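Here the structure is laid out as structure tokens; the discussion comes afterwards.
The values are calculated or read from the model by the stated rules, or taken from the named source; none is laboratory data. This is a predicted model, so every value here is computed, not measured. With ideal geometry, Cβ positions are generated from the backbone for all residues, glycine too; neighbour counts draw on all protein chains shown.
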Amino acid sequence: MIRGFLTVGGWTLMSRILGFARDILIARFLGTGAAAEAFFVAFSLPNMFRRFFAEGAFNMAFVPLYAKKLEGNPAEADAFARDAVAGMVMVLTLFTVAGILFMPALVLAMASGFAEDARFGLAVTYGRIAFPYILLISLAALVSGVLNSNGRFLAAAAAPALLNVVFIAAMLGVSLRPDLWAWLEAPTQSRMVGRALVWAVPLGGLLQLGLVWWAAARAGHRLLPRRRPRLTPDLKRLLVIAAPAALAGGVVQVNLLVGRQVASYFDGAVAWLNYADRLYQLPLGVVGIAIGVVLLPDLARRVRAGDRAGQQDAYSRAFEFSWLLTLPSAVALLVVPWPLVEVLFERGAFDADDTAATSLALMIYALGLPAFVLQKVLQPLYFAREDTRRPLNYAAVSLLVNAGVAIGLVVWLGWAAAALGTTLAAWAMVVLLVRGARGLGDVATLDARARSRGWRIAVAAALMGVILWITNLMLGPMFGGPLRGLALAILVGMGIVSYFAFAQAIGAVRLRELRSSLRRQR
């Protein structure tokens with residue numbers, strides 16, 4: 001399982017690094033202007049429904065069913081996957097057409113503050129171009145679920161990097177050879193970059209689907225449907241499980257929608273939240289996605305086999321791995337947000353005021369980072385048992401928390417209330433998941449090793465935070481000059497070295513265990 005975490009986490013890290021390069025270029029060319037905010041809203045539309053259909057309801061329901069079928073009859077499992085592909089193509093094609101037709105209403109639902117504003121027309125145009133991505137990426141998620149359930153994590157983990165490569169190529173192409181992009185018919189360079197970015201969305205989705213489909217075919221999984229969509233008993237079971245998960249996913253997306261609605265009434269706030277989101281998504285993506293992808297099929301197989309000791313061990317190791325990497329990340333983002341934002345984004349159209357606002361949002365998100373990752377550890381306890389109803393109920397409560405904070409405090413906190421609502425809702429979800437899992441008994445209880453290392457990791461992260469704070473004070477003058485990139489590298493290096501030194505010294509981690517896992521991975 002640890003080798004799976006390392007594979008998925010490593011490739012996700014590569015994708016996030018490319019994502020940083022993408023966002024640095026977006027900040028350089030678009031800043032926080034109308035084209036930037038229109039693109040962020042347009043791109044968030046297919047991404048929101050992707051999490052709803054693909055990574056949300058479908059993944060929660062499909063992966064446990066498919067993984068359990070693998071234990072009995074692999075051929076039957078692939079037949080089930082082919083039926084699911086056929087159904088998904090039919091449903092999402094209709095959904096995509098409807099989304100393109102009703103794009104103005106979707107943009108208003110996402111950001112009503114754009115109404116009667118130049119951002120509205122741009123967002124509608126961009127949204128219609130980007131929306132077919134939902135079909136492509138949902139199919140890619142299905143195929144990725146097949147690969148992950150068979151213990152093949154590489155292609156599915158590498159695929160997201162392709163989208164960022166396409167984004168970067170599009171922006172550099174417009175910058176270096178604008179004459180070749182005249183077909184975009186944009187009046188300014190920023191509008192031309194915006195159009196190039198949005199056309200990159202469906203192209204990137206096509207490449208992602210192509211990669212995982214090719215990997216599945218090489219592994220012997222022929223997933224092209226051999227018949228028209230029909231409602232088989234297995235698909236009926238899939239829908240029964242997926243329906244509550246879909247509603248739960250919808251609640252999560254409404255949480256995001258509430259925050260974006262609040263932010264849309266403040267100029268630049270949508271962009272500030274997006275840039276901050278990109279930074280805290282680095283540890284969340286590397287750790288949280290790796291946990292979710294690897295742990296769910298592993299637990300589903302152990303549940304089918306009745307291996308309670310194995311279930312507790314998998315849960316405990318997943319907690320330990322996530323806590324080890326997430327907690328120091330949260331401390332770092334909370335202690336030194338300004339240098340991170342300044343060095344990564346402050347150039348061109350992104351100025352010092354944008355840095356200050358993005359840093360504030362990042363600090364608020366950092367407080368919720370451990371909760372976002374712990375959800376990925378706790379939710380498989382339910383989904384592996386095909387229980388999607390209780391997570392739905394918990395998600396509904398988190399929605400109320402988010403809406404109450406974001407809307408109720410906007411008068412006093414302004415746009416920052418949106419970020420605070422997201423953070424508090426995440427912690428509410430974790431509390432409810434922990435309480436609900438008590439009825440599962442020992443399989444949802446951390447073993448002695450995880451409990452012992454948990455508090456030690458917290459101490460090591462706190463000590464690292466002190467080192468980062470002191471180092472940041474010493475390097476302060478360098479951040480205002482041409483050596484600011486070097487200063488950030490020194491700051492990050494000090495954080496990594498000091499954290500693992502403290503962790504090793506107090507027994508929070510055994511570096512020889514990590515080295516052993518890396519050797520086995522190679």
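Going residue by residue through region 496-512, is there one that turns out to be over 30 Å from ALA352 (Cα atoms), in a helix (DSSP H, G or I), of a type in the set (D, E, K, R) and without any contact (Cβ under 8 Å) to a residue 60 or more places away in the chain? Yes, there is a match, as at least one residue in region 496-512 is over 30 Å from ALA352 (Cα atoms), in a helix (DSSP H, G or I), of a type in the set (D, E, K, R) and without any contact (Cβ under 8 Å) to a residue 60 or more places away in the chain. Across region 232-276, which residue is modelled with the lowest pLDDT among those that are within 25 Å of LEU400 (Cβ to Cβ) and assigned to a loop (DSSP other than H, G, I, E, B)? Among residues in region 232-276 that are within 25 Å of LEU400 (Cβ to Cβ) and assigned to a loop (DSSP other than H, G, I, E, B), the one modelled with the lowest pLDDT is SER264.
Taking (1) over 28 Å from ALA458 (Cβ atoms); (2) in contact (Cβ under 8 Å) with a residue 60 or more places away in the chain; (3) not basic (Lys, Arg) in turn, ASP307 satisfies each apart from (2). Comparison of THR445, THR471 shows that the only residue that is touching a helix residue (DSSP H, G or I) at 6+ places or on another chain (Cβ under 8 Å), of a type outside the set (A, V, I, L, M), modelled with pLDDT of 90 or more and closer than 30 Å to ALA395 by Cα is THR445. When the residues of region 123-163 are filtered to those that are surrounded by 24 or more Cβ atoms within 10 Å (Cβ to Cβ) and of a type in the set (Ser, Thr, Tyr), the one that is farthest from PRO104 (Cα to Cα) is SER149. Pairs linking a residue in region 199-219 that is aromatic (Phe, Trp, Tyr) to a residue that is not in a helix (DSSP H, G or I), with Cβ atoms under 7 Å and 6 or more positions apart or on different chains, do not occur.
Scanning region 213-231 for residues that are modelled with pLDDT of 80 or more and in a loop (DSSP other than H, G, I, E, B) yields ALA219, GLY220, HIS221, ARG222, LEU223, LEU224, PRO225. Being assigned to a helix (DSSP H, G or I) and within 30 Å of ALA269 (Cα to Cα) is a condition met by at least one residue of region 430-449. Residues to consider are ALA384, ALA356, ALA406; find the one that is surrounded by 24 or more Cβ atoms within 10 Å (Cβ to Cβ), at pLDDT 90 or above and farther than 13 Å from TRP427 by Cα. It is ALA406. Would you check if there is a residue in region 332-343 being modelled with pLDDT of 90 or more, in a helix (DSSP H, G or I) and either more than 26 Å from LEU486 (Cβ to Cβ) or small (Gly, Ala, Ser) (or both)? Yes - at least one qualifying residue is present in region 332-343. Just one of the listed residues (PHE20, PHE58) is surrounded by fewer than 20 Cβ atoms within 10 Å (Cβ to Cβ), modelled with pLDDT under 80 and of a type in the set (A, V, I, L, M, F, W, C), and it is PHE20. Selection of region 487-510 for residues being surrounded by 19 or more Cβ atoms within 10 Å (Cβ to Cβ) and within 18 Å of SER322 (Cα to Cα) yields GLY495, TYR499, PHE502, ALA503, ALA508, VAL509. The residues on offer are VAL373, VAL377, VAL401, and the sole one that is surrounded by fewer than 23 Cβ atoms within 10 Å (Cβ to Cβ), in contact with a Leu (Cβ under 9 Å, 6 or more places away or on another chain) and either closer than 23 Å to LEU284 by Cα or of a type outside the set (A, V, I, L, M, F, W, C) (or both) is VAL401.
All conditions but one from (1) crowded, with 20+ Cβ neighbours inside 10 Å; (2) in contact (Cβ under 8 Å) with a residue 60 or more places away in the chain apply to ALA426; the one that does not is (2). Among residues of region 131-156 being touching a helix residue (DSSP H, G or I) at 6+ places or on another chain (Cβ under 6 Å) and outside any helix (DSSP H, G or I), the one that is nearest to MET48 (Cα to Cα) is PHE131.
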